[in-house]
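Notes for the one structure printed next.
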Amino acid sequence: MSGDHSHIEGQSHKHKDKYKEKEHKHKDHKKDKEREKSKHGNSDHKDSSDKKHRDKEKEKLKHKDGSTDKYKDKHKEKRKEEKPHVKSELEDNSYYSPKLEKSLKRERDDNDSEFKPKKIKTENDKKAKKRKPDEVIKPTKTKNKKGEVADGKKKAKKEPEEKWKWEEERYTDGVKWKFLEHKGPVFAPPYEPLPSNVKFYYDKHMKLSPEAEEVATFFAKMLDHEYTTKEIFRKNFFKDWRKEMTAEEKAKITDLKKCNFTEMNEYFKAQSEARKAMSKEQKQKIKEDNERILQEYGFCIMDNHRERIANFRIEPPGLFRGRGDHPKMGMLKRRIRPQDIIINCSDSKHPEPPPGTRWKEVRHDNKVTWLVSWTENIQGSIKYIMLNPSSRIKGEKDWQKYETARRLKKCVDRIRAQYREDWKSKEMRIRQRAVALYFIDKLALRAGNEKEEGETADTVGCCSLRVEHIKLYPENDGQEYVVEFDFLGKDSIRYYNKVPVEKRVFKNLQLFMENKEPDDDLFDRLNTSVLNKHLQELMDGLTAKVFRTYNASITLQQQLKELTSDENIPAKILSYNRANRAVAILCNHQRAPPKTFEKSMQNLQTKIDAKRDQLSDAKRELKSAKADAKIRRDEKSKAVETKKKAVQRIEEQLMKLEVQATDREENKQIALGTSKLNYLDPRISVACKKWGIPVEKIYNKTQREKFAWAIDMADDDYEF
DNA sequence: ACCCTGACTTGTTTCCAGTGGA
DNA sequence: TCCACTGGAAACAAGTCAGGGT
């Protein structure tokens, strides 16, 4: 499986080289340079224009845009100053992050007194006031088993309705729901210490304290994983692990290299074997238990409907697995407790925290869609529990997204003409904006927000491209003005592409790159907020990502028109998949070739070979039958007919297999799912029924649930 | 004007259970 | 009946973007 770096249509490289080695010097280097820049108080472009005047226009440019210092640099400088982690006196232990610190502080400040839910100012608030000015949600002890919930304002006590009526804009004024009731999250099961005979080894066998042991098991479970060999991972893990150790353990265990987790690792392997080997009844029981939990916690009532919750289980503790070259991989992801949790629901009734605990907060914010949130300790960002894609709240939003893309369709010509015009602008920032937009449109690049250096893997999108990420070839492989892109995008997936561009774009790129270091920003006068502000002016609701949606959907529609033949259904589905694949390639949706890929390919190949043999056998038989018939002067020999049929049948089967093989091979490194789920207007697919392709052949059950809105609107002659 | 962060979408990988062929 | 394979779901990381505070 290793070593296969084949390309897909000249575009995407794969997996192995996905996590490109990056020099870490990068950051410090950059920092220095920025300091220098700001010291001199002038930008690259002023400097550069003093050099040779290759381009007349440049002269004008420099004056026009001298106005601003670079935003980007400013941020960076600022951020760096703030960065130093001031350790809070209350947080001696490991779980430290700046954001967390803030929220901890808040917690400390305002809830020592009494558990009192916070009220926030929303529309809801006004309503609440009308009802009962100072209603405090008291931890209701009411174990409402059966319908004794029938107190006054319980509008949702009527049986939940069956189906939603799809409306693009249901509530005005940002209200997302009017009634919301749920059971709260399901917490990760508490840690169960290992049996006493399973020990950790360091010079000698030793039993760890439960706290240290738990963290050790996280590592032990991953022993087979490549992560555990990476230096950063090991370093971060060890640092966080030591924080959980007792003083003696800390004194003793000082070197991760000397740690031996194999015994623990084997114990877990045995456990999973045992789980596999369980009897049918046991498995059945587990399944039923899960179903019970799902039924109890996996649903909520929103505006009279019972809706499925997407992730009602709190993420269990473990070691953080960042993607790509992540500086924080291996850090301990801490266990979430009830006092970390914010509950969001209607003000009438809220879920109970587990006995002996309390929620961090209960609020009633109907302008947001989440039911539960907590702050995670690695990046200090907020995690949410939200509804399933099949829910109304997600469906309507999805629908809206495609409607925006369709509006773009109406004015895309105008916008394209506009940015082409802007390539000639006198202002550098406008040229940069126009070229970036061209990339976003033509290549479906992501916007490319700035990221916190050192906090996340070094990845880029359009606006954050650096000089080192592109190469210019005035001439390449017989094509003029070729740009070679090579960078790591979202999830550290490599984007590699060579595209011919228009001359003006090419010249502009040369201009942007002049006098810059490889790690300078290509578009130093541009960031996503500037770009999006501009787009907003061009069309209401237009942002960079709308182009991805638009181009994906329009590509599907076009490809379908070209490809769909009047053949049988399997052939049509293949056509659909081809169209889907074209989109996935456009969006650079890659996947690691499945571990079993080679093998399954081989299996298919042996099948094909067998079919071939069978075919030649059949042909031979046909031949001899023919000869035989000739001798016997039997014009309409039955034998010949049947043999002929057999040959035909086998040929067909062979073809089918070969098609399957190509389909699979073409799909080796391409993931269709992402585009299917997020970029392709489902109504285009639903409308395929006009060619006799039933929706069931395109979408599985969950997908049909997610796209219920689209199926509902079902319209044969739907045009994106 | 800038910057931060909350909310929500998009993305890949991992896990698991069901399926169909030997 | 077993077992290898596969597709789908779950998990959760990593984006985008808007709005509000400074």
Test set (1) assigned to a loop (DSSP other than H, G, I, E, B); (2) over 30 Å from residue A:204 (Cβ atoms) - residue A:254 fails condition number: (2)
Yes/no for residue A:242 being over 29 Å from the mean Cα position of the chain (by Cα), assigned to a helix (DSSP H, G or I) and among the basic types (Lys, Arg): yes
For residue A:447: the one exception among (1) closer than 26 Å to residue A:511 by Cβ; (2) more than 8 Å from DNA strand C (Cβ to nearest atom): (2)
Among the candidates A:244, A:249, A:296, residue that is on the phi < 0 side of the Ramachandran plot and out of contact with any helix residue (DSSP H, G or I) (no Cβ under 6 Å at 6 or more places or on another chain): A:296
Residue among A:636, A:599, A:645, A:623 that alone is within 14 Å of DNA strand C (Cβ to nearest atom) and either surrounded by fewer than 16 Cβ atoms within 10 Å (Cβ to Cβ) or free of Cβ contacts under 8 Å to residues at least 12 places away in the same chain (or both): A:599
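Here's the yes/no breakdown for (1) in contact with a Ser or Thr (Cβ under 9 Å, 6 or more places away or on another chain); (2) of a type in the set (Asp, Glu):
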site: A:588; (1), (2): yes, no
site: A:641; (1), (2): no, yes
site: A:646; (1), (2): no, no
site: A:676; (1), (2): yes, no
Looking only at segment A:454-495, and only at residues there that are away from DNA strand C (no atom under 12 Å from the Cβ) and in contact (Cβ under 8 Å) with a residue 40 or more places away in the chain, the one that is surrounded by the most Cβ atoms within 10 Å (Cβ to Cβ): A:466
Candidate set: segment A:675-703, residues that are loosely packed, with under 15 Cβ neighbours inside 10 Å and assigned to a loop (DSSP other than H, G, I, E, B); chosen: the one nearest to DNA strand B (Cβ to nearest atom): A:700
Residue A:296 touching a residue at least 60 places away in the same chain (Cβ under 8 Å), more than 11 Å from DNA strand C (Cβ to nearest atom) and surrounded by fewer than 16 Cβ atoms within 10 Å (Cβ to Cβ): yes
Of all residues making up segment A:653-707, the number that are more than 20 Å from residue A:557 (Cβ to Cβ), within 11 Å of DNA strand C (Cβ to nearest atom), of a type in the set (S, T, N, Q) and touching a residue at least 12 places away in the same chain (Cβ under 8 Å): 3
Residues being part of a loop (DSSP other than H, G, I, E, B) and either at pLDDT 85 or above or among the hydroxyl-bearing types (Ser, Thr, Tyr) (or both) - total across segment A:261-297: 2
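The values are calculated or read from the model by the stated rules, or taken from the named source; none is laboratory data. Quantities reported herein were computed from a predicted structural model and do not represent experimental measurements. Please note: Cβ atoms are built from the backbone with ideal geometry, for glycine as well, and neighbour counts cover all protein chains shown.
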